[in-house]
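The values are calculated or read from the model by the stated rules, or taken from the named source; none is laboratory data. This is a predicted model, so every value here is computed, not measured. Every residue, glycine among them, receives a Cβ derived from its backbone with ideal geometry; neighbour counts consider all protein chains shown.
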Amino acid sequence: MSTSRDRIGALWMSALSPGAWIIALLAVVSGVVVLVMPVRRSPGLELWMFSPEHASMYKPATQAWKEQTGQPVNISVIGIPALSRRVMGGFFAGVETSDLVECERQMVGPMFAGPLESVGFVDLTDRIEAEGLMGRINPPSFTPWTTRGRIFGLPHDVHPVLLAYRSDIIEAAGIDVSQIETWADFERVLRPLMTDKNGDGQPDRYLLSFWETHLDSLEVLLLQGGGAMFTMDGECVLGSERNAELLAEVLSWCLGERRFCADINEWTNAGHAQTIEGYALAFLMPDWMCGIWMEQMPQLSGKVKLMPMPAFEPGGLRTSVRGGSMMGIPKTSEDVEAAWSFARDLYLSPELSRRLFETNGIITPVKEHWSLPFFDEPQAFFSGQATGRLFIEQAPNVPARPASPYYRTALLRLQDAAVGVAEKARSTGKSTPEELLPLTREALEQAQASVERQMERNVFISGGE
Amino acid sequence: MARGPASANRTAYLFLAPFLVLFAVFTVYPLILSAVLAVQQTHGPGFARFVGMDNFVALAADPLFHKAVRNTIVYTLGSMFIQLPLALGLAMLLNQPGLKGRGFYRLIFFSPQLMGLVFVAMLAALIFEKRSGLLNQALQGLVGGVLDPESAFPWVRVLHDVVWLDFPWLQTFVMPMLILISLWMYVGYNMVYFLAALQNIDKSLVEACAVDGAGPALRFWHVTIPSIRPVASFVVLLSLIGSLQLFELPYILLDQTGGPQNRGLTIVMYLYQSGFETGDLGYASAIGWVLALMLVALALGQIFLMRREER
């Protein structure tokens with residue numbers, strides 16, 4: 001005779017097989033374990049960044065911070081696209097990211113898209129003003145991290161652009177570059193070096209590495225000439241007359257009889273080979289590129305020099321700006337005060353300025369460090385020039401770059417306009433700036449309309465609400 | 001004690017549960033959320049407002065979206081009408097009785113599929129690069145050296161005068177290049193399906209057809225095609241879905257942009273740009289739903305056509 005306990009047992013077993021019960025039990029136990037297990041957060045500050053070079057430079061500072069506070073700084077190096085998605089994902093979902101994020105300029109646009117109060121980074125404006133950092137840091141360096149008058153990141157760099165030229169070839173030809181003040185001078189003085197050695201009817205050497213598809217260089221030249229994609233108020237001005245004139249001018253460098261530019265990929269081995277063989281004589285060179293050249297093209301050591309960029313007009317700006325990073329503090333940081341202290345101490349440290357320059361050729365935006373002696377040391381790679389000083393001389397003049405969530409969109413539309421005009425010009429035989437101007441006007445107006453179409457959907461930018 | 005059908009059902013559900021839970025969390029929930037997002041305007045974190053069908057209306061008037069759709073359709077047509085016939089042709093060649101080394105050829109044609117798409121894109125970028133690219137170097141050496149600059153044919157003179165070393169394939173012919181690369185990648189893959197289908201054709205049908213006097217073309221049309229139709233439909237559907245979702249190849253090949261003049265911009269790339277580069281998740285969701293509806297419509301169309309054929 002079965003007892004009631006036996007009957008209940010039999011009922012349980014009839015519901016599921018023993019194996020299924022074991023699986024169900026394991027699922028429930030593991031689920032409970034996962035749920036009740038506390039989320040362990042490593043002690044100290046969490047810093048996410050994209051540059052392994054920066055990470056290795058920050059090691060001494062993180063050790064010093066640990067000695068000072070007893071708390072470590074845990075650095076994670078993450079590629080730019082992944083870092084961007086991770087930070088954006090955290091901001092959108094409102095979940096914890098890290099205490100500090102070092103961001104590249106192209107990442108931050110969408111992070112600034114919403115109302116000011118919902119930007120995922122801590123607004124640093126008041127801290128920066130209260131601690132007198134506005135006066136200590138090069139003012140243009142704040143602009144990419146400023147939206148609607150508020151600053152959301154501490155600037156890491158200035159990134160002025162100079163012109164790197166093949167001194168071995170140019171000086172061997174007896175040419176003195178000091179006579180070059182404008183791009184017109186540059187073309188006139190160096191054109192005799194554009195030769196066709198193998199007799200195939202094509203020059204084997206061009207004067208400048210630049211092409212209508214070079215996204216960043218287009219912006220560099222536009223900014224140098226006084227053009228802009230956005231005003232400080234965030235208005236898109238891609239279709240301005242100045243931009244049209246500048247685009248017509250720089251595109252004429254790639255077209256017809258006047259062509260003196262070569263399309264060299266600055267990131268590939270093939271591009272490096274062309275650079276080394278002297279396919280182009282000059283390159284638009286931001287400070288951060290110096291370190292890359294020294295590491296990746298040691299064959300050029302002693303064969304390259306730097307000079308200020310030729311201006312578009314006599315007396316015009318001799319520099320521009322390219323790239324940039326900032327340190328931001330996500331609002332979800334558990335210790336904003338500690339994160340701010342670490343970021344400020346790190347970026348304002350003379351030791352970091354030295355390492356930044358000696359390792360990567362990058363100059364600090366901290367103006368009081370510009371008088372430090374290491375910036376005057378001659379660089380063997382650059383034929384004994386004190387490159388630090390050359391960049392610092394131009395640093396106060398770098399153009400401001402207003403931040404916009406639509407920056408990347410505008411940059412892509414600028415490239416579309418440039419490619420469209422260049423192709424139309426090639427098919428119609430137009431090549432002078434005067435002939436190209438109507439085309440660039442039309443193309444840039446269309447580009448601006450395209451960006452504005454997107455901007456109009458954003459009530460915080462268009463003021464629609 | 002014997003367990004009844006109810007117990008068996010419960011066990012089945014228990015085993016299905018992990019999949020169902022994951023499916024619900026990672027597919028159903030995001031689908032619902034994206035449907036909600038598609039009727040919202042989102043700008044940056046923490047802001048969303050209901051805009052009804054505005055995102056879809058804006059899409060209908062968005063020239064960039066039109067371009068992305070056009071590019072995607074061109075790529076899809078290229079995939080369907082070049083890739084699949086080539087795959088079938090290759091499969092028929094490999095299905096020839098008495099062919100030696102069939103396994104070897106099958107491996108050779110299938111092997112591009114073993115490479116990651118990212119590597120293929122990087123390799124292609126090197127091949128099509130101006131000046132140092134393999135293709136331009138070869139063309140400069142072959143065409144430039146062989147063609148007669150004084151030829152009586154104008155096109156020969158034009159081809160001779162082209163500076164092949166500087167020819168910008170990835171600037172001028174983005175979509176043909178993408179189709180070419182995908183041919184290399186997927187022809188062998190689709191060929192394997194077709195080959196399996198061809199090997200399953202009832203030989204007696206072919207022989208009977210031949211006895212009735214049908215030539216190769218008639219045998220192909222009346223025996224081969226109907227016999228492989230289920231597999232062909234499956235391959236067509238896979239190609240359609242894959243082509244309409246094209247993203248990684250142009251994304252890597254064109255340096256994370258839509259290419260010059262957006263010639264390589266696809267629907268999914270535009271979705272990515274809108275969602276992750278501009279932060280407009282609502283608009284990106286609307287693009288995703290339009291793509292999903294296109295896929296559903298095409299799949300339903302194909303099922304309808306298949307059923308009509310079967311009748």
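A few points about this structure:
- Residue in segment B:253-266 that is aliphatic (A, V, I, L, M), more than 12 Å from B:V174 (Cβ to Cβ) and surrounded by fewer than 24 Cβ atoms within 10 Å (Cβ to Cβ) present: no
- Residues located in segment B:127-172, provided they are closer than 21 Å to B:L246 by Cα and touching a helix residue (DSSP H, G or I) at 6+ places or on another chain (Cβ under 7 Å): B:I127, B:F128, B:W169, B:L170, B:Q171
- Being in contact (Cβ under 8 Å) with a residue 60 or more places away in the chain, surrounded by fewer than 16 Cβ atoms within 10 Å (Cβ to Cβ), of a type in the set (A, V, I, L, M, F, W, C) and away from chain A (no Cβ under 14 Å) holds for only one residue in B:A299, B:A292, and it is B:A299.
- Look at (1) closer than 30 Å to A:E295 by Cβ; (2) within 14 Å of chain B (Cβ to nearest Cβ); (3) surrounded by fewer than 20 Cβ atoms within 10 Å (Cβ to Cβ) and you find that A:P396 fails only one, number (2).
- Selection count, segment A:410-429, where residues are surrounded by fewer than 19 Cβ atoms within 10 Å (Cβ to Cβ) and more than 9 Å from every other protein chain (Cβ to nearest Cβ): 5
- Number of the condition not met by B:R49 [criteria: (1) under 30 Å from A:G120 (Cα atoms); (2) part of a loop (DSSP other than H, G, I, E, B); (3) modelled with pLDDT under 90]: (2)
- The residue that is modelled with the lowest pLDDT, counting only those in segment A:302-342 that are more than 19 Å from A:L222 (Cα to Cα) and of a type in the set (D, E, K, R), is A:E334.
- Qualifying residue in segment A:225-232 (condition: in contact with a strand residue (DSSP E or B) (Cβ under 8 Å, 6 or more places away or on another chain), buried (at least 17 other Cβ atoms within 10 Å of the Cβ), outside any loop (DSSP other than H, G, I, E, B) and modelled with pLDDT of 95 or more): no
- Filtering segment B:248-279 to residues that are closer than 11 Å to B:T42 by Cα and within 7 Å of chain A (Cβ to nearest Cβ) leaves B:T278, B:G279.
- Residue pairs whose Cβ atoms lie under 6 Å apart, sitting 6 or more positions apart in sequence or on different chains, and linking a residue in segment B:121-143 that is within 12 Å of chain A (Cβ to nearest Cβ) to a partner that is exposed (fewer than 14 other Cβ atoms within 10 Å of the Cβ), are B:I127/B:L134; B:K130/B:D166.
- Segment B:19-37 residues that are assigned to a helix (DSSP H, G or I), paired with ones that are surrounded by fewer than 13 Cβ atoms within 10 Å (Cβ to Cβ) (beta carbon under 9 Å, 6 or more apart): B:L20/B:Y13
- Segment A:90-105 - residue that is facing chain B (nearest Cβ under 10 Å) and modelled with pLDDT of 85 or more and, of those, surrounded by the fewest Cβ atoms within 10 Å (Cβ to Cβ): A:G90
- Looking only at segment B:27-50, residues that are surrounded by fewer than 18 Cβ atoms within 10 Å (Cβ to Cβ), within 13 Å of chain A (Cβ to nearest Cβ) and β-branched (V, I, T) come to 0 in all.
- Hits in segment A:195-209 (condition: within 25 Å of A:M289 (Cα to Cα) and either within 14 Å of another protein chain (Cβ to nearest Cβ) or at pLDDT below 95 (or both)): A:D204, A:R205, A:Y206, A:S209
- Residue among B:A17, B:A24, B:A58, B:A87 that is within 14 Å of chain A (Cβ to nearest Cβ) and farther than 30 Å from A:A10 by Cα: B:A58
- Test: residue in segment A:72-80 that is part of a helix (DSSP H, G or I), in contact with a Gly (Cβ under 7 Å, 6 or more places away or on another chain), within 13 Å of another protein chain (Cβ to nearest Cβ) and surrounded by fewer than 23 Cβ atoms within 10 Å (Cβ to Cβ): no
- Close pairs from segment A:69-88: first in the same structural domain as A:G328 (by TED's automatic domain parsing) and under 21 Å from A:V122 (Cβ atoms), partner of a type in the set (D, E, K, R) and part of a helix (DSSP H, G or I), Cβ under 9 Å, at least 6 apart: A:V73/A:K66; A:I75/A:K59; A:I78/A:R86; A:S84/B:E277
- Boolean, A:S141 is within 20 Å of A:G323 (Cα to Cα), touching a residue at least 60 places away in the same chain (Cβ under 8 Å) and either within 12 Å of chain B (Cβ to nearest Cβ) or small (G, A, S) (or both): yes
- The listed residues are B:S285, B:S243, B:S239, and the only one of them that is under 30 Å from A:M107 (Cβ atoms) and surrounded by 13 or more Cβ atoms within 10 Å (Cβ to Cβ) turns out to be B:S285.
- Residues within segment A:4-58 that are over 30 Å from A:S84 (Cα atoms) and either away from chain B (no Cβ under 14 Å) or assigned to a helix (DSSP H, G or I) (or both), tallied: 29
- At least 3 residues being in contact (Cβ under 8 Å) with a residue 24 or more places away in the chain and farther than 27 Å from B:K130 by Cβ is the threshold, and among the helices (runs of 4 or more DSSP H) wholly inside segment B:179-263 those reaching it are B:225-244.
- Filtered by the rule that a residue be polar (S, T, N, Q) and more than 13 Å from chain A (Cβ to nearest Cβ), segment B:144-181 gives a lone residue, B:S151.
- Index of the failed condition, A:R401 passing every other in (1) of a type outside the set (F, W, Y); (2) in contact with an Asp or Glu (Cβ under 8 Å, 6 or more places away or on another chain); (3) more than 14 Å from chain B (Cβ to nearest Cβ); (4) within 30 Å of B:Q41 (Cα to Cα): (2)
- Residue that is farthest from the other protein chains (Cβ to nearest Cβ), among those in segment A:243-298 that are within 15 Å of A:V220 (Cβ to Cβ) and charged (D, E, K, R): A:D287
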